[in-house]
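The structure under discussion appears below in the form of structure tokens.
The values are calculated or read from the model by the stated rules, or taken from the named source; none is laboratory data. Every value quoted in this text rests on a predicted model; they were computed, and no experiment measured them. Here the Cβ positions follow ideal geometry from the backbone for every residue, glycine too, while neighbour counts run over all protein chains shown. Keep in mind that these areas ignore ligands, DNA and RNA; they rest on the heavy atoms of the full protein, side chains included. Shrake-Rupley method; radii C 1.70, N 1.55, O 1.52, S 1.80 Å.
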Amino acid sequence: MRFAHLSDLHLGKRVCEFSMLEDQKYILEQILALLDAHPVDGVLLAGDLYDKPVPPAEAVRLLDWFLTQLAARGLPVFAISGNHDSADRVAFGAALLETSRVYVSPMFSGAPQPICLADEHGPVDVYLLPFLKPASVRHVWPDEPIESYNDALACVLRHCTPDPGHRSVLVAHQFVAGAAACESEEPSVGGLDCVDAALFDAFDYVALGHLHSPQKVGRDTLRYCGTPLKYSFSEAHQHKSITFVDLGEKGCVDISTAPLTPLHDLREVRGSYLELTDRRTYEGTATDDYLHITLTDEQDVPDALAKLRLIYPNLMRLDYDNRRTREDQQITAPERVENITPLQHLAAFYELQNNQPLTDEQAAFCQQLIEDIWKEGEDA
């Protein structure tokens, strides 16, 4: 039995105030094309279907379209809510969706029950476990000693015991200890939301969501598939993909991936203003990619963001890397200010701010300006 493992669609997300909806529609169409080319027996959606608990209407319509496309292909879908989702809203209409074999995690009320499939090797049980907080679990089992996320998940899984003779798949959305997070994710301070990987040992495959980097945690079959798109510049060097999971007979699981190519890549570019505006630099490149540009000019370029967007329309972020930004000096007053001229005061301030001295031309201009100001004061 073959599954496609997806997670963290974050439909409706904005990155640096740029809407990603067009890019998300494009990548979902690409995923559908891959599923047509590489047929599967089910699709696992491991949470964060939306980017916000109350998603924009366009995001809701996009998810509706995607689920409808999957159902039209006769594919069972196994979806859970993540920490960015409203569990109530994701669970809406779950009973009706089930008639189309779209299985959505209900509001948490106890241990998940298996959804049973079968192939030539026998039964496959799929369990849907939405993102859990300790308070949700304490509400169901008030007598259990639950103080942490790990306690909460351990309690739930003690009440969820897969049949050892069946192959079992768990779809979950948690931060498993040992996994690598990146900038666009929200782990708790001190790792309070971490759970132990060993809690999942009873399952043949665990389809995880929550972390955006594709990775295994400990064993190959405890896996984050990652986001289908890059959602922060900390992901700029990642290669996004769809994960395929092949369950053979009990104990035999094969993992493979297929690359996903975005409508606009998210990249980091570095150089001087003159270099990046030279036609020889950008001609033939994907200038409409989402870019973080770092300028290396020692002097700030006036209105650089607007000027660069004439060439790079999807420039998301602009920074400088020069002596001024690399050194964080504190401005301190001279001990004997009476012996310091106004120009020396200004020159010292300028150097502390910019980590370089005034040029002779700048110093001459400033000296003339100071003299003109003093002269105006005397005439008054």
Review point. Out of Lys216, Lys240, which single residue is at pLDDT below 95 and charged (D, E, K, R)?
Key: Lys216
Check your understanding: Hey, among Val77, Val60, which residue is at pLDDT 95 or above, more than 19 Å from Cys225 (Cβ to Cβ) and not small (Gly, Ala, Ser)?
Key -> Val60
Review point. Which residue out of Asp8, Asp48, Asp88, Asp36 is assigned to a helix (DSSP H, G or I) and within 30 Å of Asp288 (Cβ to Cβ)?
Key: Asp36
Check your understanding: Only one of (1) open to solvent by 50 Å² or more (accessible area, probe 1.4 Å); (2) touching a residue at least 40 places away in the same chain (Cβ under 8 Å); (3) of a type in the set (A, V, I, L, M, F, W, C) is not met by Leu97, so which one is it?
Key -> (2)
Revision key, fill the gap. Subset of the range 72-85, residues closer than 16 Å to Glu29 by Cβ and buried (at least 16 other Cβ atoms within 10 Å of the Cβ), comes to Leu75
Exercise for review: Within the range 328-350, track down each residue that is open to solvent by 90 Å² or more (accessible area, probe 1.4 Å) and at pLDDT 65 or above.
Suggested key: Gln344, Phe349
Point to revise | Cβ-Cβ under 7 Å pairs, at least 6 apart or on other chains, the range 353-380 side of a type in the set (A, V, I, L, M, F, W, C), far side part of a helix (DSSP H, G or I) and modelled with pLDDT under 75 | key: none
Check your understanding: Does any residue of the range 13-29 turn out to be over 23 Å from Met316 (Cβ atoms), of a type in the set (A, V, I, L, M), at pLDDT 95 or above and open to solvent by less than 10 Å² (accessible area, probe 1.4 Å)?
Key -> no
Practice item. Return the residue satisfying two criteria in turn: it lies in the range 253-278 and is part of a helix (DSSP H, G or I) and surrounded by 15 or more Cβ atoms within 10 Å (Cβ to Cβ), and of such residues it is nearest to the chain's Cα centre (by Cα). Key: Leu276
Point to revise | Close pairs from the range 195-218: first part of a helix (DSSP H, G or I), partner among the small types (Gly, Ala, Ser), Cβ under 7 Å, at least 6 apart | key: Ala197/Ala177; Ala197/Gly178; Ala197/Gly218; Leu199/Ala154
Exercise for review: Please determine, by comparing only the residues of the range 111-134 that are charged (D, E, K, R) and over 29 Å from the mean Cα position of the chain (by Cα), which one is least open to solvent (accessible area, probe 1.4 Å).
Suggested key: Asp125
Check your understanding: Can you name the residue in the range 283-325 that is in a helix (DSSP H, G or I), of a type in the set (A, V, I, L, M) and in contact (Cβ under 8 Å) with a residue 12 or more places away in the chain and is also most open to solvent (accessible area, probe 1.4 Å) among such residues?
Key -> Leu305
Study note, to complete from the structure: Residues in the range 35-70 that are within 27 Å of Ile115 (Cβ to Cβ), surrounded by fewer than 17 Cβ atoms within 10 Å (Cβ to Cβ) and not charged (D, E, K, R) total 8
Exercise for review: Return the residue satisfying two criteria in turn: it lies in the range 98-155 and is among the basic types (Lys, Arg) and part of a loop (DSSP other than H, G, I, E, B), and of such residues it is modelled with the highest pLDDT.
Suggested key: Arg101
